[in-house]
Amino acid sequence: MAKGTVAATECCYGGQLYDSVTLGLDIPISQSYLRQGCYGYLGSTTIAYGPADDNGAADLLCQYFLQAVLGGASLGRAALTARQQFVAHTAQMDPIDLKTLAQFNLLGDPAVVPVAAAAPARPKLADRAAADRFRRRERRAKLAATGRFLQETKPTAATPERGRRSSANVRAALANIARKSGLGADETFVAYKVKGGTAARAGATKRKLAGTPSRYHLTIGRPKDGREHETIAIVAKEVAGRIIDYRVYHRR
């Protein structure tokens, strides 16, 4: 690993830390990278998911992080920007989105700036140190404001409704989705009610849509076709008593 490398790993357990001496195992991959001179490392503490035929979840978070690093951000700012961008580009935070957001961590010095950004034009007599301090304050204020806005306006499905019985139509749709995705038709789904996120200035139509009851149904299992080492997560969206969409995530 070349000194100065920045790594973002989409794989499962890429950011897991453990006592390798006590367990008698090799050191974690993240520690191996950092020991060899890697400046920063973004990885998941446990299983990381992403869609099989598209970019999503772990894929996007890693991409946003590396794009910010290449744009001249410090490692810490790149990690925060990536998280905010991930939330901002998601209409509603389903359980897999929330899991991804919580489990991807940055290891390394967050103050390091691995890529030099183009210096902004400034008057010759300007105080460079004062200008740099001003820009840092502006960036931090913007990131803080963005974080507060997303927290107040983004709908999330964070609390499971255990024991809730869905309608016959919803149960039939979920069984069909599970069967088509390689799991058993008797797969158990856990419902998550979507809460929050109605924008204060939304128009009447948008407020009505935002207030429509919706929830996500999540199941995680292994395919029935012999792929015993693969794990699949299915997230289906229910609106007004009907399943309107679903996504199949595969373990990275």
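Values in this text are rule-based calculations from the coordinates and carry no lab data. Given the structure is predicted, the values throughout are model-derived calculations rather than measurements. Using ideal geometry, Cβ is built from the backbone for each residue, glycine included, and neighbour counts are taken over all protein chains shown.
The phi-based Karplus calculation (6.51 cos²θ - 1.76 cosθ + 1.60; θ = phi - 60°) puts the 3J(HN,Hα) values of segment 105-117 at 10, 9, 10, x, 7, x, 7, 5, 10, x, 10, 6, 7 Hz, whole numbers, x for Gly and Pro. For segment 1-113, what does the alpha-carbon gyration tensor say about shape, rounded, prolate or oblate, given a ≥ b ≥ c as the root eigenvalues, a/c under 1.5 as rounded, and a/b over b/c as prolate? Verdict is oblate for segment 1-113. Cβ crowding within 10 Å, taken as a proxy for footprinting-reagent exposure, orders CYS11, CYS38 from fewest neighbours to most as CYS11, CYS38.
Specify which labelled value, from (1) 72, 58, 31; (2) 58, 46, 32; (3) 56, 40, 36, agrees with Cα extents along the principal axes in Å derived from the coordinates of the model shown. So the structure-derived entry is (1).
Of the residues ALA58, ALA240, ALA129, the one that moves most in a GNM of the chain with alpha-carbon contacts below 10 Å is ALA129. For the chain, the longest principal axis of the Cα atoms and the long axis of helix 75-88 meet at an angle of about 30 degrees. Annotated for the chain: lysine pairs at least 8 residues apart or interchain, Cα distance under 22 Å, count 20. Couplings for segment 53-59, taken from phi via the Karplus curve 6.51 cos²θ - 1.76 cosθ + 1.60 with θ = phi - 60°, read 10, 7, 9, x, 6, 4, 4 Hz in order; Gly and Pro are left as x.
Sorted from fewest to most neighbouring beta carbons within 10 Å, what does the list MET93, MET1 look like?
Details: MET93 24, MET1 12.
Arranged by neighbour count, lowest to highest, MET93, MET1 become MET1, MET93.
Farthest toward the positive end of the dipole of segment 27-153, out of TYR64, MET93, GLY40, is the Cα of GLY40, where the dipole comes from beta carbon charges about the Cα centre.
Amide H to amide H distances under 5 Å link ALA158 with LYS195, where only residues 5 or more positions off or on other chains count and H is placed in the peptide plane.
Of the residues ALA130, ALA102, ALA233, the one that moves most in a GNM of the chain with alpha-carbon contacts below 10 Å is ALA130. Working note: Karplus 6.51/-1.76/1.60 with θ = phi - 60° gives segment 215-225 the couplings 7, 10, 10, 10, 9, 10, x, 9, x, 8, 9 Hz, where Gly and Pro are set to x.
In this structure, the amide hydrogen of TYR246, modeled 1.01 Å from its nitrogen in the peptide plane, lies closer than 5 angstrom to those of LYS237, counting only residues at least 5 positions away or on a different chain. Backbone amide hydrogens, once placed in the peptide plane, bring ALA8 within less than 5 Å of LEU42, excluding anything fewer than 5 places away on its chain.
Comparing GLY37, GLY163, GLY56 in a Gaussian network model of the chain where C-alpha atoms under 10 Å apart are linked, the largest mean-square fluctuation is found at GLY163. Here the dipole of segment 102-192 is about 420 debye; that uses its Cα centre as origin and unit charges on the Cβ of Lys and Arg (positive) and Asp and Glu (negative).
In terms of other Cβ atoms within 10 Å, LEU143, LEU42 run from fewest to most in the order LEU143, LEU42.
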